[in-house]
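A short worksheet on the structure shown next.
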Amino acid sequence: MPAALRRIPAGMISAIVALIVWQIIGSVGPLAGDSFATASEAIAALWMLLSKPEFWLAFWETFQMAAIGFAISVAVSVPLGILIGLSRFSYRSSKFVFDVLKVIPPIVLIPIAILVIGPTMAMGVALVVFANVFSMAIQTAYGVRDADPVLLETMRCYRMNIWQQIQYARLPSAAVQIGIAMRLALGASLVVAIVSGLVGGAGGLGSFLALTQSSGNADQTYAVILFLGIIGVALSRMLVRGQRRIIFWSGR
Amino acid sequence: MIARRLWHWILAILIAGWLPVILIVWWWNASATSDNPFFPPLEVIWEQFKLNWIFANVSVHLVPSMQNLFTGFAIAVVLGIGLGTLIGSSPGASRYIEPIIDFFRSIPAVALVPIFILLLGFDSSMRIASIAFATMFPILIATIEGIRTTNVVLLDTASVFRLSRAQVLWRVRLPNAMPIIFGGLQVAFQIAFIVTIASEYLGSGFGLGAFTLIATDSFMIIDAWTGVLLLCMLGYTLSLVFDIVERISLGWYYGQKKLA
């Protein structure tokens, strides 16, 4: 391989090859036709969508659902987790309930959420909260329980009150767990916001995607999915970078 | 000794069990006199649940859902582990293929369903294809990672014993990758469940998800509640079953970790 070629990042080369393969599959062979968009058609459709205000409005709605849901999840689950984690009994009593609720995907609640809340952005926010709150709370509680027992004993000897114990022992110990939970929750929030639009009609990019599919516009359907992939990659890159900046001593 | 163990067990169950029992009893009593149409009494939901799911509609709605789920998942396991082993064995290839896999994984799994609806329509093949495609990527990533990160000492030992490439793969790399692959399988299985339901929401007709969403759309609120309850139970049961399967198949690994 020539030296100039080798300096191009692997990701760039594979992206170009993938686009060419996509173009060929879509032009010749059994998949070619109206229901399959080629790479050039999808990119052209995406370019067109990017100049449309409705598309950016949909993006903004999805972003709002994810961000508001995420903020509520953090605001509820961190205090709740600390409260649960303070005593062994409350931790062990609630762990089972939270573990059950944690593995139930929010998508199963959509039919009831449509009835109770209605297919609105509020429903999207509620589903994002449901998706995050239990795992974040139990993770926080785990971090709180994980605080150094010697440190806690020492604090009790000095008769530091419960608030001081939380501030100087429990919270610092829980911070790592909260950070991990938050990182996972950020990605999940975006996914749930999209899904509640797609299958629940909550608006945003999900509903936009449902509309392009039901109107049989393959080019735009592929364009939206391409866009979702790009946001997903961008978000995960940002999270990795952010994590490196905050926990700068690990992962060199 | 046995009595003490038994006592520990009972205590653990009591500590974990009192809260769910209280929550259900509270729901039962609080909703008993409810005349809010959206929150029917739990007793009414439970009566309808028995009518719907023990076992009248099971063969119409539950069985097809589960068939699609497991067929799609099985295809994804075969493809994911097979391709992952191939890619993972060659570091040059994985450098170029991983960005593509990463891109597909970054798309929300459910958002891939519209592509398959456009291509295949609304029948079972669309559902199975969506499940298999979306589920494949976490398995693929985990397999590549597992195959690539085999312990160097083990590989050196294998080459001292002059094991052939196939033997190294089968006896050393794959067993070593198993704990990581199982992590991928667990994520994949959750995704498979979600995509199964989503494909039924989006594609009309049969299946548990379709039943529940149709009940919602036609304001059969009690039916919708029974569907959601069954889906919740299913979601938890499936994840429990997966944990048990993992415990059994990776028994040797956990044993090793305990020793270490």
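Applying a threshold of 8 Å to beta carbon distances and a minimum spacing of six or more residues, or different chains, the list of pairs starting in region B:1-30 at a residue that is within 9 Å of another protein chain (Cβ to nearest Cβ) and ending at one that is hydrophobic (A, V, I, L, M, F, W, C) and surrounded by 11 or more Cβ atoms within 10 Å (Cβ to Cβ) reads B:A16/A:F96; B:G17/A:F96; B:L19/A:F96; B:L19/A:V97; B:P20/A:F96; B:P20/A:V97; B:P20/A:V100; B:L23/A:V97. Of the listed requirements (1) touching a Gly at 6+ places or on another chain (Cβ under 8 Å); (2) surrounded by fewer than 24 Cβ atoms within 10 Å (Cβ to Cβ); (3) assigned to a loop (DSSP other than H, G, I, E, B); (4) of a type in the set (G, A, S), A:G118 misses just one: (1). Being surrounded by 24 or more Cβ atoms within 10 Å (Cβ to Cβ) and at the interface with chain A (Cβ under 9 Å from one of its Cβ atoms) is a description that does not apply to B:G184.
Residues that are at pLDDT below 90, surrounded by fewer than 23 Cβ atoms within 10 Å (Cβ to Cβ) and either part of a helix (DSSP H, G or I) or within 14 Å of chain B (Cβ to nearest Cβ) (or both) do occur in region A:189-203, at least one of them. Looking at region A:210-231, is at least one residue more than 10 Å from every other protein chain (Cβ to nearest Cβ), under 25 Å from A:V76 (Cβ atoms) and either in a helix (DSSP H, G or I) or aromatic (F, W, Y) (or both)? Looking for residues that are more than 10 Å from every other protein chain (Cβ to nearest Cβ), under 25 Å from A:V76 (Cβ atoms) and either in a helix (DSSP H, G or I) or aromatic (F, W, Y) (or both), one finds none in region A:210-231, hence no.
From the list B:G84, B:G72, B:G92, B:G121, the lone residue that is in contact with a Leu (Cβ under 8 Å, 6 or more places away or on another chain) and closer than 26 Å to A:G229 by Cα is B:G84.
With respect to the conditions (1) away from chain B (no Cβ under 12 Å); (2) in contact with a Cys (Cβ under 8 Å, 6 or more places away or on another chain), A:I138 lacks only one, and its number is (2). If we keep just the residues of region A:207-252 that are among the hydroxyl-bearing types (S, T, Y) and modelled with pLDDT of 80 or more, which is farthest from A:Q177 (Cα to Cα)? Taking the candidates together, the pick is A:S215. In the set (1) of a type outside the set (D, E); (2) more than 28 Å from A:L211 (Cβ to Cβ); (3) part of a helix (DSSP H, G or I), the condition left unmet by B:L163 is number (3).
The single condition among (1) more than 10 Å from chain A (Cβ to nearest Cβ); (2) crowded, with 20+ Cβ neighbours inside 10 Å that B:G235 does not meet is (1).
Out of curiosity, is A:Y158 of a type in the set (S, T, Y) and in contact (Cβ under 8 Å) with a residue 24 or more places away in the chain? No, not satisfied.
Looking only at region B:202-260, which residues are in a loop (DSSP other than H, G, I, E, B) and modelled with pLDDT under 85? Within region B:202-260, B:G203, B:S204, B:G205, B:F206, B:L250, B:A260 qualify. Region B:42-119 holds helices (runs of 4 or more DSSP H) entirely within its bounds, and those carrying 2 or more residues that are of a type in the set (S, T, Y) map to B:63-89, B:91-106.
The values are calculated or read from the model by the stated rules, or taken from the named source; none is laboratory data. Note that the coordinates shown come from a computational prediction; the quantities given were computed from them, not determined experimentally. Backbone-built Cβ (ideal geometry, glycine too); neighbour counts: all protein chains shown.
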